[in-house]
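Below you'll find the structure, written out as structure tokens, and then a few comments.
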Amino acid sequence: MRAVALILLAAATAAAAPVVTGFERFHAATPTAEGGRLLYNELGCVNCHGGEAGLPARRGPALATVSQRVQGEWLRKFIVDPQSVHPGAVMPQVLARTDEGTLAAIEHYLASLGSKAKAKPADIRHVNASRGSGLYHALGCVACHAPDKAFVPEAGAPKDSEFTHPSVPFPELKSKYSLESLSAFLQDPLKARPDGRMPRIVMDKQDAIDIAGHLLAFEGSDGRVGSRVVPVSVDSQLAMAGRKAVIAARCAACHELPKDAAAKPVALTKKEGGCLDADHAKGPRYALSEAQRASLKLFLAAVAESPSPKLAADLSLHALNCVACHERDGKGGPDAARKAFFEGDHNLGDTGRYPPPLTGAGGKLRPEWLAKVLAGENRVRPYLRTRMPVYGKATDGLGPLLAVADARPALKFEGGDDSAGRKLLGTEGGAGCITCHRWGDRPSLGIQGPDISNMAARLQEGWLHDYLINPAGYRPGTLMPSFWPGGKSFNPAVLGGDTDRQIAAIFKFAESANGEPEGFPRNRNGEFEIVPKDRPVVQRAFMEDVGVRAILVGFPTGVHLAYDGDKGGPARAWKGRFFDAYLTWFSRFPIFEKPLGEQVVDWPKPSGRFLGYRLDAKGAPTFINEQAGVRVEETFEGVGDGLRRTVVWKPTPDFAPVIHHPLGLERTEVSGSPEGRRVFTYLWK
């Protein structure tokens with residue numbers, strides 16, 4: 001009766017199309033041969049029928065250890081009908097008509113493949129499912145999998161309509177795993193899934209236990225009371241029968257099995273009745289969607305040739321779902337709902353929360369550096385709480401592929417003035433790079449951006465040259481301003497203002513590792529009051545009544561500004577001392593600070609959209625915001641006892657910017673300004 005029940009269960013299961021998230025997100029709307037190539041690889045077609053998809057191999061999980069990590073009843077149901085216990089699974093129905101005896105034989109055969117040594121139960125004394133929920137939602141799991149509706153991130157609960165790309169579905173976790181086996185799997189999924197489709201997020205044992213506790217809705221805190229995976233006591237006769245069934249089902253086409261169970265490739269034919277037919281009677285059964293079926297047919301009908309490096313790179317990133325976190329060429333990245341779960345340093349804006357774009361990544365990073373990044377090393381953004389996962393062998397060829405796909409014209413910096421680079425990177429007549437960037441073990445003087453002491457080891461010269469001239473061209477909305485706007489140097493006093501020589505000097509100084517840029521405090525333990533001297537100083541901070549995205553500007557004239565980097569508009573001004581940055585720089589939990597000056601005035605709350613800022617040759621900031629779809633720029637300069645504000649926009653008949661003014665200051669306006677430009681001066685009484 002049980003065999004009949006299993007067959008009925010398989011027949012009654014609602015057919016669910018296999019979920020290949022890269023296909024569903026980027027290729028399902030319009031069937032294409034490119035989408036078909038991705039499916040041909042990710043559904044395992046290439047494993048059975050051969051050919052070359054040009055993508056990282058998609059293989060099934062390790063079967064030698066499956067009996068040690070998966071509950072037997074779940075495994076039997078999955079063998080008969082994968083979709084019944086794992087909707088969206090990419091494994092087809094291969095053994096739909098398997099009877100109870102054959103199922104038992106297969107289970108014994110799989111158990112016989114594992115180690116004969118009796119495994120010691122893991123020591124799981126404590127589990128904190130609540131902590132695990134926080135880790136699950138913060139470390140990056142929800143970039144691929146669905147977040148829990150009950151979990152509300154700090155940014156607020158996302159709307160259902162904001163989930164615009166599919167989640168990787170879970171199997172019935174409670175019936176598949178024990179707390180022990182799931183936590184072991186989470187700590188290193190590559191042992192069971194070496195194809196990297198479930199990558200390894202670096203975590204310690206307790207992290208894995210707590211996340212497993214959350215996923216299994218574990219009640220209580222004593223992990224020792226949870227269920228265990230019951231080991232199979234192998235019957236050799238049954239195992240032999242199971243081996244025959246596994247060979248007949250051609251399981252070795254997708255799974256690693258002993259050589260005596262190998263499966264020979266099956267030639268593709270144009271006859272009806274194959275896997276692409278919705279109601280075929282023989283062979284693996286896929287419940288393909290119409291878009292999937294159409295794309296596969298387009299791929300199979302196309303001329304068999306290797307994909308271009310660019311296409312192979314893009315499809316590889318789709319296959320591994322790297323685009324769940326990263327954008328590439330303006331596509332991908334987390335959808336609006338998932339963005340709420342990405343945490344980091346809000347002082348850095350979006351760049352402090354979201355992983356960097358992969359646009360041109362192979363032409364950005366040096367090959368040896370990129371290889372280590374893909375291996376889980378060389379992490380340069382420790383402020384991102386989302387962790388870069390490790391994909392194992394799946395990314396062995398990705399670095400070289402990206403290098404070819406993203407190749408850019410070679411540029412080699414010739415010479416390079418070491419001393420000029422030291423000055424340019426520093427704050428004493430330079431660009432003040434160390435105001436926002438770390439230098440090795442030296443924290444920056446302001447917001448803690450990525451370490452730039454390793455730029456020569458990390459970045460290719462051509463990419464660095466173009467990026468420094470136009471940072472927003474690579475990452476729109478970045479807080480990084482251009483000190484060489486349009487290729488023109490901000491500082492004509494260094495190397496004659498030659499842009500190429502200045503950038504080469506910066507690179508050369510980083511490459512030489514000869515000291516540190518000018519401007520770091522000599523005494524690391526002293527008071528960290530910022531005192532503007534020769535040029536304005538820009539500092540990100542949490543500021544009371546301004547918010548977590550306040551951009552502070554200190555002017556040598558003794559008047560200072562706080563700009564709202566969220567809504568886009570001036571928020572506060574004061575006179576006297578500027579700002580003490582000790583807590584901002586060194587506290588793990590910065591508080592909302594107050595200006596050091598006493599004559600503080602406020603603007604009404606702005607209502608625009610902040611787009612970024614830039615600095616001119618003298619360090620004066622120009623802030624860019626958007627009102628009613630029109631770009632508005634406002635430049636601030638320090639004058640005696642006050643501030644000068646220049647507001648510029650493209651004249652439009654139906655538009656005039658909303659310009660608020662600070663309360664309590666004398667205000668004058670320059671008359672005779674052309675249309676689209678207004679200049680104000682604010683003076684303390």
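The values are calculated or read from the model by the stated rules, or taken from the named source; none is laboratory data. Quick caveat: nothing in here was measured; it's all calculated off a predicted structure. For neighbour counting, all protein chains shown are included, and Cβ atoms are generated from backbone atoms with ideal geometry for every residue, glycine included.
Of the helices (runs of 4 or more DSSP H) that lie entirely inside segment 259-377, those containing 2 or more residues that are among the small types (Gly, Ala, Ser), farther than 25 Å from GLY612 by Cβ and in contact (Cβ under 8 Å) with a residue 24 or more places away in the chain span 290-301, 309-319.
Filtering segment 604-633 to residues that are closer than 17 Å to VAL559 by Cα and crowded, with 19+ Cβ neighbours inside 10 Å leaves GLY619, PRO621. Candidates GLY35, GLY101, GLY54, GLY50: the one that is under 20 Å from HIS318 (Cβ atoms) and modelled with pLDDT under 95 is GLY54. Could you list all residues from segment 219-258 that are closer than 17 Å to ALA62 by Cβ, in a loop (DSSP other than H, G, I, E, B) and more than 42 Å from the chain's Cα centre (by Cα)? Scanning segment 219-258 gives no hits. Checking each residue of segment 245-264 against the condition of being touching a Phe, Trp or Tyr at 6+ places or on another chain (Cβ under 9 Å), under 26 Å from VAL90 (Cβ atoms), modelled with pLDDT of 85 or more and of a type in the set (Val, Ile, Thr) gives at least one match. Scanning segment 553-574 for any residue that is without any contact (Cβ under 8 Å) to a residue 24 or more places away in the chain and either more than 28 Å from the chain's Cα centre (by Cα) or assigned to a loop (DSSP other than H, G, I, E, B) (or both) turns up nothing. Among what's in segment 640-685 and is among the β-branched types (Val, Ile, Thr) and in a loop (DSSP other than H, G, I, E, B), pick the residue that is surrounded by the most Cβ atoms within 10 Å (Cβ to Cβ). Within segment 640-685, the match that is surrounded by the most Cβ atoms within 10 Å (Cβ to Cβ) is ILE659.
Considering the conditions (1) surrounded by 20 or more Cβ atoms within 10 Å (Cβ to Cβ); (2) in contact with a strand residue (DSSP E or B) (Cβ under 6 Å, 6 or more places away or on another chain), LEU365 is excluded by exactly one of them, (2).
A quick yes/no check of all residues on (1) within 23 Å of ASN378 (Cα to Cα); (2) hydroxyl-bearing (Ser, Thr, Tyr); (3) in the same structural domain as ASN378 (by TED's automatic domain parsing); (4) touching a residue at least 12 places away in the same chain (Cβ under 8 Å):
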site	(1), (2), (3), (4)
GLY429	no, no, yes, yes
ARG442	yes, no, yes, yes
ASP451	yes, no, yes, yes
GLU461	yes, no, yes, yes
LEU468	yes, no, yes, yes
ALA472	no, no, yes, yes
THR478	yes, yes, yes, yes
LYS488	no, no, yes, no
LEU495	no, no, yes, yes
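Screening LEU425 on (1) under 28 Å from THR359 (Cα atoms); (2) aliphatic (A, V, I, L, M); (3) touching a Leu at 6+ places or on another chain (Cβ under 9 Å) shows it passes everything except condition (3).
In segment 49-150, counting only helices (runs of 4 or more DSSP H) that sit wholly within it, the ones holding 3 or more residues that are within 30 Å of the chain's Cα centre (by Cα) and either in the same structural domain as ILE209 (by TED's automatic domain parsing) or among the β-branched types (Val, Ile, Thr) (or both) span 129-138, 141-144.
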